[in-house]
């Protein structure tokens, strides 16, 4: 694995850092407090091709790779995890599956408007009774003439309140081993309805809600890939999403570490900076080490994906380690700030809440451990 970034990757990361510091960070606290969609931040990312990092330039993207996307998401998350979560959905859970499985017509129709930010998408897979397992998909897609009729309900759909396109995974052949299919569903389609926005612990600006499909009639060309290949689309998207979640977690951990280090250097007790205390130094050293380890795992998973090899286990490892590193870093940051760490005036309490969500969304830590163990035992 080559750890040297290309000039294009480095340049995009620098652009993302500048946008994060100048345009995203200043409103991050209000976005979180008001639980509102960060419209200005998303527009800023779109203007630099950061909503379609892997989408070719002729379709308004940056024409780069998964490593570049991970770099962007980390930089954005270090300023606002909510904005990074939206970028992760748009890039990795919507644009990438269309780029990989879409027909030429679907690519021309959707990729330019998605990569440019003219329209936003969402990924509708999780269901209340089935969680995030492939066998738990109860939403049905029944053949009707040349098209399909969808019936069911999806839960925890990030960006659904603002999305104009939903990538929906449904059971087209119930009980069959490969009975899932994926569909591109405009949210304005008759029969699509949204539940009330969720009031969440963290990632509060990455607005989400349930999405109901009540007799939604779709033409045959709404099918993404071919009938019965929804499992392939789903696994492809989940691997990408977990790499994105890992990069986001690294960004959150980095934000917590930066805030804690700055505070430790400035905060004085009994005439000395608290950074002089060994207990504080140990926490900072551990945080920095775990952040680097998580970043390297994330890059390894992204590099494996870009190389065309199997990235599922690497993606799960990266997501597991990075999300738990983010939670530990945020918790230690709150501890270093003491009472101030519990105040909304300081960013670490937001990091603490955002970090906890990273251990749950895109597959819980327990799900990642099961997947990793399963892969190891098959070797």
Checklist line | Residue identified as under 21 Å from the mean Cα position of the chain (by Cα) and over 22 Å from residue 315 (Cβ atoms) among 160, 124 | finding: 160
Margin query: Based on this model, can you work out whether residue 21 counts as under 21 Å from residue 111 (Cα atoms), at pLDDT 95 or above and not assigned by TED's automatic domain parsing to the domain that holds residue 351?
Written below: no
Notebook entry, point to check: Given the conditions (1) assigned to a loop (DSSP other than H, G, I, E, B); (2) farther than 20 Å from residue 97 by Cβ; (3) in contact (Cβ under 8 Å) with a residue 40 or more places away in the chain, and given that residue 190 satisfies all but one, which numbered condition is not satisfied?
Noted result: (3)
Check: Is the range 74-90 home to any residue that is in contact with a helix residue (DSSP H, G or I) (Cβ under 6 Å, 6 or more places away or on another chain) and over 30 Å from residue 349 (Cβ atoms)?
Finding: no
Next item on the list: State yes or no: is residue 206 touching a residue at least 40 places away in the same chain (Cβ under 8 Å), within 24 Å of the chain's Cα centre (by Cα) and part of a loop (DSSP other than H, G, I, E, B)?
Entry: yes
Note to self: Being touching a residue at least 60 places away in the same chain (Cβ under 8 Å), within 17 Å of the chain's Cα centre (by Cα) and under 16 Å from residue 85 (Cβ atoms): is that true of residue 248 here?
What the structure shows: yes
Margin query: Going by what's in this entry, would residue 53 be described as closer than 19 Å to residue 305 by Cα, modelled with pLDDT of 95 or more and not assigned by TED's automatic domain parsing to the domain that holds residue 184?
Written below: yes
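The values are calculated or read from the model by the stated rules, or taken from the named source; none is laboratory data. Nothing here was measured: the structure is a model prediction, and the numbers come from that model. Counting neighbours? That spans all protein chains shown, and the Cβs are built from the backbone with ideal geometry, glycine included.
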